[in-house]
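The values are calculated or read from the model by the stated rules, or taken from the named source; none is laboratory data. On a predicted model such as this, the values are computed, not experimentally measured, just so you know. Here Cβ is always computed from backbone atoms with ideal geometry, including for glycine, and neighbour counts include all displayed protein chains. The protein model used for the area step is the full one, side chains on, heavy atoms only, and it has no ligands, DNA or RNA in it. Shrake-Rupley method; radii C 1.70, N 1.55, O 1.52, S 1.80 Å.
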Amino acid sequence: MTRPPRILVVDDVPANLLLARKLLTPAGYDVVEARSGAEALAAAQETPPDLVLLDMHLPDMHGMDVLRRLREFPWGAGLPVVAISALAGDEERARWFQAGCVGAIEKPISVQAFVAEVARFLAGTPATAPDVGAPSDLPAPAVPERRRGRLGEILVDNGLITEEQLEVALEAQRESRKRLGQILVEQGAVTEDDIAWALSTQLGYPYVHLTPSIVDEEAVRMLPEAFLRERRVLPVLKFGQEMTLAMADPTDEHAVEDVGARTRLQVRRSLALASNIVEMLDHFFVHAAPGAAAVTTEAAAAEAQHLQFHLVQALQQGASEIHFDPLEGGRARVRYRLQGVLADRPAQAADLHDSIIRYLHDMTAAEPESSGTATVPVRVGDTEVVLVVTFMPTVLGQAATVVLYPRHTEAPDLEHLGIPDERIRPLRQALEASWGVVLVGCGDALLRSTLLHAMIPTGTRGKVWVLETLPVYRRPTLNQTVLASAMDAAAYLRGVVMAGADLIVVDDASNVETLRAAHESARNRTVLAGHPQADVVGLLSQSVDALGPALVASTLRGILAARSVHLLCPKCKQPAPWGSMPAAEEPVYVPGGCEACGFTGFRGQRVLFDVWIADLGTRLLLRSGRTATVFERLVQSGTRMREQGLALVRAGLVSQDELARVVEGGPWISPTFSS
């Protein structure tokens, strides 16, 4: 090899990257660093590495997703990837080997063995995958004894202990598994100050003497008291995305990773006496709020922080949903829905999952361990967001799905979604009449709300009253009532008629009683009603079956049916294999995956839609009971959605499979393209 071997090291902890570089660079390796999955994929694509050392728990992607993406590169099939983690059990490591990792290195890494392990993996000597349930051959996560030995050497070299005292302490350590410094203090050989000085000298971490005046109480209360006491750590300062953490043992990688996972901050380590940390914990928790109330208040703040992090990340990444699901082995799964695709995020500890579920129950006033759906408005930074939270039990514990709906204050514009104003103008004109109902069928609750608000005629002189289960749009010119459930809509609808509303908008008329109330009110009022049935034939059929043809004929003015289709990311879309393309047509594209689209392959959406107007002839047919004739004509006229979708496919904006999913609800079956 004419150039030095290139090692891509992927880890979100800067100290770990620095250590890897300091060990590997002198050994003749070219080290490339990445602090996230997206950075790793970009670096690998720019300059293919010879070996990847991959932290499996990254802030933006799970290591398994990064591994899968690396394998998709043209040169990625034979790329050796080594998993690195401090939180893995045998079962999880077995999955890494099954997915194609050639080995695994446990954190904290052994300074003496690390370079040799890297050389072994580069030479093509894979590790043996652990059997699930069998003892692992990988090193235990405890700090290696040799590292502790260096601490002893510093104490001996500086005359603080003798060789004999060190040997006695090391023998006690082998039996008790305690830290060497703790044993030496217990034996009376040194003081805590001596250990602090030696550790600071050995590790290069700053030593700090803690006092209440230099500790940020707000940073302290980001973590539970019990956790801080167990780990013997204390947050000193939070600045930007970094936290300074005082630690009795700065080599405790598990504590650092746990603090990083709980706070989502980069941890800067400093050294403090264990007794000094306990003194500060007693000050902030015992003095500030004695008893269990202090722990309860602080825990609630920590739970809010965990959820707030996911809400901020989801909004920044354009996610529409967050899924919290329990897993086995004390872990929990977190996924965001990006452009319709579920993307894994770093797994979290089971206690973090439980705290988020508990806080969601408190926010929504739902009973603990209950199932069901609740809606709650929250503020995330400067953005008002409506959360629709669904709780469901599983055999491993409770799961929760959070759907995010950012609030808007302006009337939406449908042009950018692909709905020309002239196509829905007849329906808008119908809403300016003194009676009648217009139905909007769409399975996506947010898109349905958008369509309803966009169709409200501008400059309406009468009173407009909106009944909403999903209050996404807040408009000062409208009377808006938020409903706890769609089941309440019928009673409220009749109430706003008595209140003198001229145009009534209801966002969910799927309940038969609400649908009936909408049509009955439309005898002398104008009603705009939403429904989850997203096709004209199905929505008209449900209305006729539930209400009878006479009532529908006397009030129905028209139907708008709509479905959203995800657009391909323009930066990473790829030509489809030749066999899937119709002959003599423009190239057809499939999704790729890049940082711009969150590696989903999609970015943005368009709306496929049908507009049907109930003219006088159709209403006469319905009134006379000739409903079959009406439906025959509807079927013969066909849907415009497929035609609109095929135009987007030809333009390279939508994939065939995405169109098939939306229009047919199944995989793509290649048609003959019509001109």
Three-way shape call for segment 457-614 based on the alpha-carbon gyration tensor, with the a/c threshold at 1.5: prolate
Answer label, with percent of Cα pairs over 46 Å apart calculated from the coordinates and candidates [x] 46; [y] 35; [z] 22: [y]
The chain, relative contact order in percent, only Cα pairs under 8 angstrom and at least six apart counted: 7
Apportionment of accessible area to carbon and sulfur, segment 1-117, percent (1.4 Å): 56
Charge dipole magnitude, Cβ of K and R +1, D and E -1 - segment 581-658, Cα centre, debye nearest 20: 500
Cα→Cβ-extended label distance, 7 Å offset, between W435 and R523, nm: 0.8
For segment 254-267, Karplus couplings with θ = phi - 60° (6.51, -1.76, 1.60), whole Hz, Gly/Pro x: 4, 5, 4, 5, 5, 5, x, 5, 6, 9, 6, 10, 6, 9
Helical contribution to [θ] at 222 nm, DSSP H n ≥ 4, -39,500 (n - 2.57), averaged over the chain, rounded to 500: -12000 deg cm²/dmol
Pair D502, E664: separation of 7 Å Cα→Cβ label points (nm): 4.8
For V505, distant residues with modelled amide H under 5 Å away: W465, V466, L467, L528
Residues Y207 and T394, FRET efficiency given R0 of 56 Å [Cβ-Cβ distance, rounded to 0.05]: 0.75
Rounded FRET efficiency, nearest 0.05, which uses the C-beta distance separating F239 from E186 and R0 of 45 Å: 0.80
Segment 304-346 - accessible surface per residue (Å², probe 1.4 Å): 38
Paramagnetic reach from R95 in segment 341-366 [backbone N under 18 Å; point 7 Å along Cα→Cβ]: 342-354
Mean accessible surface per residue for segment 478-549, computed with a 1.4 Å probe while every protein chain stays in place, in Å²: 38
Per-residue ³J(HN,Hα) for segment 342-347, Karplus 6.51 cos²θ - 1.76 cosθ + 1.60, θ = phi - 60°, Hz, x for Gly and Pro: 7, 10, 5, 10, x, 4
Distant-in-sequence amide H partners of V31 (H built 1.01 Å from N, under 5 Å): I7
With every protein chain in place, segment 339-419: carbon and sulfur % of accessible area (1.4 Å): 52
For R525, residues with placed amide H under 5 Å, excluding near neighbours: G436
DSSP-assigned coil residues among GluC sites (Glu not before Pro) in segment 419-473, each with at most 15 further Cβ atoms within 10 Å: E432
Between helix 37-46 and the chain: long-axis angle, C-alpha atoms, 0 to 90°, nearest 10: 90
W75 accessible area, assembled protein chains, probe 1.4 Å, Å²: 80
Unmatched cysteines, the chain - criterion: no other Cβ of a Cys under 4.7 angstrom: C101, C442
Area accessible to solvent at E72, 1.4 Å probe radius, in Å²: 110
For segment 362-497: span of alpha carbons on each principal axis (Å, largest first): 54, 35, 28
Spatially proximal lysines relative to K107 (Cα-Cα < 22 Å; intrachain offsets below 8 disregarded): K22, K178
Three semi-axes of the equivalent ellipsoid, segment 44-105, Cα gyration tensor, whole Å, largest first: 19, 12, 10
log₁₀ of I(q)/I(0) at q = 0.11, 0.12, 0.16, 0.28 Å⁻¹ - segment 435-501, Debye sum with one point per alpha carbon: -0.26, -0.31, -0.58, -1.65
Label-to-label distance, nm, for residues given as V278 and T629 (7 Å Cα→Cβ offset): 9.2
Exposure rank, largest accessible area first [M392, M487; 1.4 Å]: M487, M392
Under Karplus coefficients 6.51, -1.76 and 1.60, residue-wise ³J(HN,Hα) of segment 521-528 in Hz, glycine/proline x: 5, 6, 5, 9, 9, 9, 10, 10
